[in-house]
1. With each label point set 7 Å from Cα along the Cα-Cβ vector, what nm distance links Leu48 and Leu250?
2. Enumerate the aspartates and glutamates that Lys39 could reach by cross-link, defined here as Cα to Cα under 17 Å, with residues fewer than 8 away along the same chain left out.
3. So what is the calculated 222 nm ellipticity per residue for the chain, using -39500 (n - 2.57) for each DSSP H run with n of 4 or more, over all residues, to the nearest 500 deg cm²/dmol?
4. Could you tell me the center-to-center distance, by alpha carbons, between region 32-95 and region 100-177 in angstrom?
5. For Phe3 and Ser19, calculate 0.36 nm times their separation in residues minus their Cα-Cα distance, and state this gained length in nm to one decimal.
6. So what is the relative contact order for the chain, in percent, with contacts set as C-alpha pairs under 8 Å and at least six apart?
7. Neighbour counts of other C-beta atoms within 10 Å: give me Ile125, Ile253, Ile245 arranged from fewest to most.
8. Go through Lys187/Lys230; Lys83/Lys166; Lys70/Lys103; Lys123/Lys166; Lys166/Lys230 and tell me which ones have a Cα-Cα distance over 26 Å in this structure.
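Values in this text are rule-based calculations from the coordinates and carry no lab data. Predicted model only: the values in this text are computed from it and were never measured. All Cβ positions, glycine included, derive from the backbone under ideal geometry; neighbour counts span all protein chains shown.
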Amino acid sequence: MLFEGLLILAIVASLFIVSLDRILQPHPVATEKRPYLIKTINAILPALIILFLIRAFIFEGFRIPTASMKPTLIEGDWIIVDKYSTGLRLPLIGTRISKATPKRGDIVVIRGNIASENDPIIKRIVGLPGDHICYQDRTLYINGQPNFYNNLTIELEERSDGTSNKVIKANTELDLLQHQIYLAWDKPNSFESTDLIVPQDCFFVLGDYRDNSQDSRIWGVVPDRYIVGKARSIVLSVDWWHAKIRWQRLGKIS
């Protein structure tokens with residue numbers, strides 16, 4: 001939001017200066033004789049407008065800050081967020097201007113006042129408007145149907161500080177979309193039971209690291225206007241602890 005606001009201010013200020021120059025200097029002047037500021041603005045203004053349109057309506061970059069979406073996304077991943085498939089919105093105010101809506105299983109970036117925090121977060125949509133969602137004893141129920149875990153294995157989670165931790169890795173499925181989740185090995189039930197009907201224009205979201213994620217189980221459903229876009233691909237992944245790029249992680253997100 002801040003970056004888009006600064007872009008808008010830069011574009012408006014540039015247009016104002018160029019317009020003022022046209023008023024004060026109505027007759028054509030050779031480019032080399034124009035003030036340096038005017039030449040600079042004329043050179044960068046098209047790039048600012050293109051950058052704003054791409055950022056506001058098509059793609060945006062996002063860095064994964066926490067472990068809440070492991071094993072799908074890990075700290076140090078840089079992703080591209082597609083803004084058009086979840087519905088185009090007016091910049092800054094978030095009003096939807098197209099009919100596309102997020103789907104169950106989509107990994108989305110959320111930006112808004114959630115739990116008194118305004119920093120963007122990333123979670124997976126599991127509940128759509130009208131769904132009956134229940135989370136009890138580490139099991140997700142969608143409209144009365146349990147979301148089963150398959151192929152459970154024990155593995156070591158590599159933490160961002162170089163340490164490791166034993167976790168349970170499992171496969172699960174949301175509307176035919178298969179993905180993997182983590183369950184904590186040493187926390188058998190760290191969340192209170194949740195039972196609700198998702199209101200209209202809202203979504204229920206969870207982190208893929210089910211026992212290490214602050215999500216709708218804590219701060220409730222997410223309003224549609226807070227959805228920024230859908231995570232599409234990992235374009236860079238940096239292991240800061242070992243000072244290396246994780247090339248094997250680059251590509252499409254499931």
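1. Distance between label points: 3.3 nm.
2. Asp21
3. Calculated mean residue ellipticity at 222 nm is -6500 deg cm²/dmol.
4. Distance between centres, Cα-based: 26 Å.
5. Here the answer is 3.3 nm.
6. Computed over the chain, the figure is 20 percent.
7. So the residues, fewest neighbours to most, are Ile245, Ile253, Ile125.
8. Long pairs (Cα-Cα over 26 Å): Lys187/Lys230; Lys83/Lys166; Lys166/Lys230.
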